[in-house]
């Protein structure tokens, strides 16, 4: 017969920190999805209206279709990985403080 103690329920403080972590994750994801939408959809949808804008000597819609969108996607991935690592480290520190 196993005589281990059942795990105690998490404290309200830990639950609040987990909820804050989840909220921060949702905000980050929403913001990065908005950036993705702006670069991937709106520049193509409004291509005619944006033709007068130049970026590195090329019309903005052409540049975004050729290279810009790919660079923005890489930046989104890098930003997500960097920020989530920091959020997860903060959450791990909170868990370590909670343990007896």
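Bear in mind that the values in this text are calculations on the coordinates, not laboratory data. Note that the structure is a prediction, hence the values are computed from the model and not measured. Cβ placement follows ideal geometry from the backbone for every residue including glycine, while neighbour counts extend to all protein chains displayed.
The value of relative contact order for the chain, using C-alpha pairs under 8 Å at least six residues apart, is 35 percent. Comparing 48, 85, 27 in a Gaussian network model of the chain, where Cα atoms under 10 Å apart are tied by springs, the biggest mean-square fluctuation is seen for 48. Taking Cα Rg over 2.2 N^0.38 Å as calculated from this structure, the corresponding entry among [x] 1.26; [y] 1.10; [z] 1.73 is [z]. Counting every other Cβ atom within 10 Å of each residue's Cβ, 72, 44 order from fewest to most as 44, 72. Pick out which of 26, 90, 67 has the largest mean-square fluctuation in a Gaussian network model of the chain, springs linking Cα atoms closer than 10 Å. Fluctuation is largest for 67. Identify which of 16, 24, 47 has the largest mean-square fluctuation in a Gaussian network model of the chain, with springs joining Cα atoms closer than 10 Å. Evaluated over the chain, the most mobile residue of the options is 16.
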